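Asks: Just passing along the structure, written as structure tokens.
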Amino acid sequence: MPLARAIVGCCLALVLLGACGSLPPRGSPLPEGTAAAAAPQSSERSGDDLVATVRISIPSGGYGGQDFHPLDWSPDGSALAFCWGDGLWIAEGPGFAAVPVARIPGGRVVEARWSPGGTRIGLLVEQQLPQTELWGSSVWVVDVDRPQARTTKAEALDPLRPKSLNRWLDDRTLSVNLWQGGGAQALYLLHVETGEVGEFIGEQVQEAGGDYFWSPDGEHVAVQHCCFEKVAVIAATHPQEAIWLSSLEQPPYQSFQGWLPDGHTFLYTEQDIYIAPTSECTDGFSLWLWDVQTRARERLLDNVCRATPSPDGSRIALLRADETDSHPSDLALAVLDVPTGQVTPLGPAGPGWVELSAFGNPEARVLRPPAWSPDGTALAAWDVKGDVWLVQADGVARHRLSQGLAIVDVAWSPDGEHLVLRTSNQGWILEPE
């Protein structure tokens, strides 16, 4: 991708860290860590496993450190798009020199999503509305071969309606969550070339934990009505027909966890007793597998807070509450082998950090699922102290990636060659072995 070399502009300085107290430098031993308590065969990995550490340095000015926003890898893993201040930036390998791609005058970019073919980047933009103190949102598109931000001609989008970008269906169609009033949202399809916008799923979800989740093949959408509340599935060919997982008038608390690669089965947790959850990891939740084709479900495991399927769907990474204490800080990381039902404990775990721009308390933490490597051999996960570790899925080794940093986001490149860690004001690109 020649984009980063073709644009003339002020570059962000990306510096190879010769030494850093928070991330392990190349060739240096890592700080002493605790191997997985429940996996005696575990051992600490060598610092040589990190062949390079690149830091994304944010220049002074702009909106300050709280506006280093969520990032997204290109589909081929060669470039990283991220939002800072009032613009979109792209850092391209191998050196990951970053360049500004698009600037939003008087506004800021809060979301960036690459299209499947890597030809476009969708942006959710916030700008102050003329002659008012209100801020509105709009959807912009960057054509990667012609790096210039432009509106999508979607004048039908009221500036107070776009809530979030959902998923590109192809390089021409982007699904977007739009506000419906009263804290509710619905899923719309935006055709970026014509600017046409139309409601796709009218089944509304709530702001507090509600969302839409496309299956990998784009044939179905799972609907989370609200945080801890009922889950439904909708076929893309019949978007107005929702199939609810429970037919009870007052269904148990449910939480969608993720689609499996086959596109017709997904994971969700369900509470066995009718007690309102007091945290993101409350006793009484079991892990279930739902088959869209047969409408049958299978109970996989008890006492599960979060579940993340591996890329091939054969294993599931688990965050589980302590058997005797459901406090969110008492968590354990484990991997479930789906064919055999065997659970491999990987040691203690903890919640990640909250985005500073989204929550004023810099000490706040939130439960974040571990991130699978694309080949399914390793996991990046938070520990009790909030540090990020690289953990082998077979329980053989653990390797500390950060220490004393409030990491809010971890993302593998699709090719598995790089792993990026991000705080609210800076980022690091690693090359784990």
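The values are calculated or read from the model by the stated rules, or taken from the named source; none is laboratory data. Note that the structure is a prediction, hence the values are computed from the model and not measured. Neighbour counts run over all protein chains shown; Cβ positions are idealised from the backbone, glycine included.
Asks: Suppose we filter Trp372, Trp412, Trp428 for residues that are at pLDDT 80 or above, aromatic (Phe, Trp, Tyr) and in contact with a Lys or Arg (Cβ under 7 Å, 6 or more places away or on another chain); which single one remains?
Replies: Values: Trp372 fails: in contact with a Lys or Arg (Cβ under 7 Å, 6 or more places away or on another chain); Trp412 fails: in contact with a Lys or Arg (Cβ under 7 Å, 6 or more places away or on another chain).
Only one candidate qualifies: Trp428.
Asks: Modelled with pLDDT of 90 or more, buried (at least 19 other Cβ atoms within 10 Å of the Cβ) and more than 19 Å from Ile234 (Cα to Cα): is that true of Arg306 in this structure?
Replies: Working: modelled with pLDDT of 90 or more: yes; buried (at least 19 other Cβ atoms within 10 Å of the Cβ): yes; more than 19 Å from Ile234 (Cα to Cα): yes.
It is true that Arg306 is modelled with pLDDT of 90 or more, buried (at least 19 other Cβ atoms within 10 Å of the Cβ) and more than 19 Å from Ile234 (Cα to Cα).
Asks: For the stretch 57-84, which positions are surrounded by fewer than 21 Cβ atoms within 10 Å (Cβ to Cβ), modelled with pLDDT under 75 and not aromatic (Phe, Trp, Tyr)?
Replies: Ser57, Pro59, Ser60, Gly61, Gly62, Gly64, Gly65, Gln66, Asp67, Pro70 - these are the residues of the stretch 57-84 that are surrounded by fewer than 21 Cβ atoms within 10 Å (Cβ to Cβ), modelled with pLDDT under 75 and not aromatic (Phe, Trp, Tyr).
Asks: Right, next: In the list Val192, Val141, Val197, which residue meets the criterion of being modelled with pLDDT of 85 or more, under 21 Å from the mean Cα position of the chain (by Cα) and buried (at least 18 other Cβ atoms within 10 Å of the Cβ)?
Replies: Numbers: Val192 fails: under 21 Å from the mean Cα position of the chain (by Cα); Val197 fails: under 21 Å from the mean Cα position of the chain (by Cα).
Checking each option against the conditions leaves just Val141.
Asks: Of all the residues that make up the stretch 101-115, how many are within 7 Å of Asp86 (Cα to Cα) and either in contact with a helix residue (DSSP H, G or I) (Cβ under 9 Å, 6 or more places away or on another chain) or crowded, with 22+ Cβ neighbours inside 10 Å (or both)?
Replies: 2
Asks: Output the residue which, of all residues in the stretch 265-287 that are under 18 Å from Ile316 (Cβ atoms) and either among the basic types (Lys, Arg) or touching a Ser or Thr at 6+ places or on another chain (Cβ under 7 Å) (or both), is modelled with the lowest pLDDT. Before you say what the answer is, go through the steps one by one.
Replies: In the first step, residues of the stretch 265-287 are kept if they are under 18 Å from Ile316 (Cβ atoms); the result is 265-270, 280-281, 285-287.
Imposing the further condition that a residue be either among the basic types (Lys, Arg) or touching a Ser or Thr at 6+ places or on another chain (Cβ under 7 Å) (or both) reduces the set to 268-270, 281, 285-287.
Details: Tyr268: 95, Thr269: 92, Glu270: 90, Cys281: 58, Phe285: 85, Ser286: 90, Leu287: 94.
For the stretch 265-287, the residue satisfying everything is Cys281.
Asks: Looking at (1) at positive phi; (2) without any contact (Cβ under 8 Å) to a residue 60 or more places away in the chain, can you tell me which one Gly376 breaks?
Replies: (2)
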